[in-house]
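Below is one structure, written out as structure tokens, with a few remarks after it.
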Amino acid sequence: MEQFHGAVFLISIAPTHRMKRAVKRGAKSSRRRGAAPIELYYWPTPNGWKISIMLEECGLPYVVHPVDISKGEQFTQRFLAISPNNRIPAIVDPNGPGRRPIPVFESGAILQYLGRKTGKFYPRDERARVAVDEWLFWQMGGLGPMAGQAVHFRRYAPEQIPYALARYTDEVNRLYGVMNTRLAGREFLAGRYSIADIACVGWVRLAERQGQDLAQFPHLNRWFEAIRARPAVKRAFAIRVEAASKVDVNDPKVRAVLFSQRAR
């Protein structure tokens with residue numbers, strides 16, 4: 001058992017799930033509040049980081065269940081019952097509405113749920129909430145998919161396709177420009193720090209992989225440096241899943257799982 005930024009950080013066995021290891025965060029808070037921790041089904045990706053950041057920012061106790069997407073653990077029936085789109089992240093909140101468990105999948109939906117649950121980083125005022133939702137959905141529909149495709153064609157495609165490289169690298173550049181302009185006159189995307197910023201920061205963290213130079217976007221770079229300096233964000237980014245560092249994306253079996261799935 002190791003003290004990790006004031007919370008108990010330990011590895012335990014989850015015997016009813018194929019995900020063999022669980023990381024408990026905030027266990028002291030859990031005992032103090034008498035609340036069972038939220039279960040986070042996670043892999044260290046920009047979408048996974050969104051939820052670990054939000055849980056850390058809200059101070060909620062949680063348990064991390066690594067889902068090894070390189071081995072196809074996202075396709076197990078138990079996980080599909082939680083996340084029918086076979087994608088991480090997903091959560092199960094044992095203290096959901098009516099004090100009954102509730103599963104939530106899709107990172108944007110999870111952020112909104114946790115924001116409503118805690119009253120943090122998701123304003124109740126409708127005008128302020130609209131601004132947060134605009135930038136949250138901008139990330140979900142634009143920045144995330146485009147940045148993901150840029151990374152794929154730049155790093156993982158079996159051949160370099162000039163059109164695809166230019167298409168997605170340029171589109172991410174355009175989106176970074178949109179963020180840079182938005183942040184020219186405000187500290188955060190929707191005014192105050194919110195789930196919109198939490199949704200975007202993990203993708204901007206991988207700017208170099210997307211063919212982008214943050215030095216060209218001074219307002220965006222200032223925003224990124226401010227957010228990644230937050231203690232909760234540091235703790236979220238510090239979560240390590242050992243198996244993730246050992247994934248060989250050039251292994252044909254791994255590539256078949258990650259990149260060649262069709263309807264089942």
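Filter segment 53-85 down to the residues that are part of a loop (DSSP other than H, G, I, E, B) and in contact (Cβ under 8 Å) with a residue 24 or more places away in the chain and list them by number. Within segment 53-85, 59, 60, 61, 67, 68, 69, 70, 71, 72, 76, 82, 83 meet the criteria.
Set side by side, the residues 100, 78, 116, 87 differ, and just one is outside the structural domain of residue 132 (by TED's automatic domain parsing), under 16 Å from residue 36 (Cβ atoms) and basic (Lys, Arg), which is 100.
Each row is one residue, and each column tells you yes or no for (1) touching an Asp or Glu at 6+ places or on another chain (Cβ under 7 Å); (2) more than 16 Å from residue 44 (Cα to Cα); (3) β-branched (Val, Ile, Thr).
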site: 155; (1), (2), (3): no, yes, no
site: 180; (1), (2), (3): no, yes, no
site: 191; (1), (2), (3): no, yes, no
site: 202; (1), (2), (3): no, no, no
site: 211; (1), (2), (3): no, yes, no
site: 224; (1), (2), (3): no, yes, no
site: 229; (1), (2), (3): no, yes, no
site: 235; (1), (2), (3): yes, no, no
site: 240; (1), (2), (3): no, no, no
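Name every residue in segment 172-211 that is among the hydroxyl-bearing types (Ser, Thr, Tyr) and not in a helix (DSSP H, G or I), in order of residue number.
Residues satisfying the conditions are 193, 194.
For residue 196, the conditions (1) more than 18 Å from the chain's Cα centre (by Cα); (2) small (Gly, Ala, Ser); (3) surrounded by 13 or more Cβ atoms within 10 Å (Cβ to Cβ) all hold with the exception of (1).
Among the residues of segment 113-138, the ones that are more than 13 Å from the chain's Cα centre (by Cα) and assigned to a helix (DSSP H, G or I) come to 18 in all.
Residue-by-condition table, conditions (1) within 15 Å of the chain's Cα centre (by Cα); (2) surrounded by 24 or more Cβ atoms within 10 Å (Cβ to Cβ):
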site: 50; (1), (2): yes, yes
site: 57; (1), (2): yes, no
site: 61; (1), (2): no, no
site: 64; (1), (2): yes, yes
site: 70; (1), (2): no, no
site: 84; (1), (2): no, no
site: 95; (1), (2): no, no
site: 101; (1), (2): no, no
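Among the listed residues 139, 212, 160, identify the single one that is surrounded by 15 or more Cβ atoms within 10 Å (Cβ to Cβ) and over 26 Å from residue 55 (Cα atoms). Within the list 139, 212, 160, the selection yields 212. Hey, any hits in segment 235-242 for a residue that's in contact with a His (Cβ under 9 Å, 6 or more places away or on another chain), within 23 Å of residue 143 (Cα to Cα) and part of a helix (DSSP H, G or I)? No.
The values are calculated or read from the model by the stated rules, or taken from the named source; none is laboratory data. Please read these numbers as outputs of a predicted model, since none were measured by experiment. No Cβ is skipped: glycine too gets one built from the backbone with ideal geometry, and neighbour counts run over all protein chains shown.
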